[in-house]
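Following: one structure in structure tokens, then a few remarks.
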Amino acid sequence: MGLVLAVDGPGGAGKGTVCHIASKILGYPYLDTGLLYRAVALKLVAKNVTKLESHAIEFAGTLKLEDLNKVGLRDPEVSNLSSKIAIIPGVRERLLSFQIEFSRDPRGAILDGRDIGARVCPNADIKFYITASLEVRAKRRWIETIKLNPSETLSKVKADLMKRDIRDRSRSLAPLIKAEDALLIDTSELTIDASVKLFIDAVNEKLNN
Ligand code: DC
């Protein structure tokens, strides 16, 4: 039976990169839970719906794994909408069962998001909080974004990220917080390899105890 690893932190902190590499090293399946919210938002944009809340709840209840591989999930419009629909209780409720089911994989599981340690996997074997300064996160997101949209400016990416940070941290329902027992990894000054090493070292320590 593998470990359940719960990873939280703000956008652009490097959670996805670290978790992806760690999942290959450990052989644990990995779920980027932000993709669930993004997939619901993408469907709303694609279908151009007017009744946002009821459709978001409906789409959250019928999500499939293949919806997490669609083109457009990282578009700025989808990023913004995903953090808006994340405050709808019915959306979170429907996505919760998907995530809990994923965390029960006997091989182990890595889930990253905002409320994983506090709500989705409160009994996780290890909780991580991966963060970085706003400056560093904005620069990373901007470098990713200009590959698809070369006219995007760093200041726009930073402003969008800041708005989403405020929304994710200040919402009353499942806000982004560092769980008390979470291990903090600040990647602002760390290479990817160094960040992954801290993560894997913590897992090995747990496995050896
Ligand atoms: O991690 P991300 O940027 O892909 O997440 C997109 C949005 O989804 C984020 O702004 C907040 C929301 N989200 C959430 O509320 N809870 C999670 N566990 C994961 C993401």
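The values are calculated or read from the model by the stated rules, or taken from the named source; none is laboratory data. Fair warning: this is a prediction, and the values are worked out from it, not measured in the lab. For neighbour counting, all protein chains shown are included, and Cβ atoms are generated from backbone atoms with ideal geometry for every residue, glycine included.
So the values come out like this:
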{"read-out": "Qualifying positions in segment 31-51 - assigned to a helix (DSSP H, G or I) and within 15 Å of the ligand (Cβ to nearest atom)", "value": "Gly34, Leu35, Leu36, Tyr37, Arg38, Ala39, Val40, Ala41, Leu42, Lys43, Leu44, Val45"}
{"read-out": "Candidate set: segment 95-113, residues that are surrounded by 14 or more Cβ atoms within 10 Å (Cβ to Cβ) and not aliphatic (A, V, I, L, M); chosen: the one modelled with the lowest pLDDT", "value": "Phe98"}
{"read-out": "Some residue of segment 183-201 being within 14 Å of the ligand (Cβ to nearest atom), in contact (Cβ under 8 Å) with a residue 12 or more places away in the chain, of a type in the set (Ser, Thr, Tyr) and not in a loop (DSSP other than H, G, I, E, B)", "value": "no"}
{"read-out": "Test: residue in segment 54-71 that is under 25 Å from Glu144 (Cβ atoms) and either within 9 Å of the ligand (Cβ to nearest atom) or of a type in the set (Asp, Glu) (or both)", "value": "yes"}
{"read-out": "Sole exception among (1) touching a residue at least 12 places away in the same chain (Cβ under 8 Å); (2) surrounded by fewer than 20 Cβ atoms within 10 Å (Cβ to Cβ); (3) on the phi > 0 side of the Ramachandran plot for Gly12, by number", "value": "(2)"}
{"read-out": "All positions within segment 75-109 that are more than 30 Å from Thr50 (Cβ to Cβ), of a type in the set (A, V, I, L, M) and within 13 Å of the ligand (Cβ to nearest atom)", "value": "Ile100"}
{"read-out": "Selection count where residues are surrounded by 21 or more Cβ atoms within 10 Å (Cβ to Cβ) and within 19 Å of Gly72 (Cα to Cα), scope segment 15-33", "value": "2"}
{"read-out": "Flag for Ile116 being at pLDDT 95 or above, within 18 Å of His20 (Cα to Cα) and of a type in the set (A, V, I, L, M)", "value": "yes"}
{"read-out": "Filter result (within 15 Å of the ligand (Cβ to nearest atom) and surrounded by 15 or more Cβ atoms within 10 Å (Cβ to Cβ)) within segment 146-169", "value": "Val157, Lys158, Asp160, Leu161, Arg164, Asp165, Arg167, Asp168"}
{"read-out": "Boolean, Tyr28 is assigned to a loop (DSSP other than H, G, I, E, B) and either among the polar types (S, T, N, Q) or modelled with pLDDT of 95 or more (or both)", "value": "yes"}
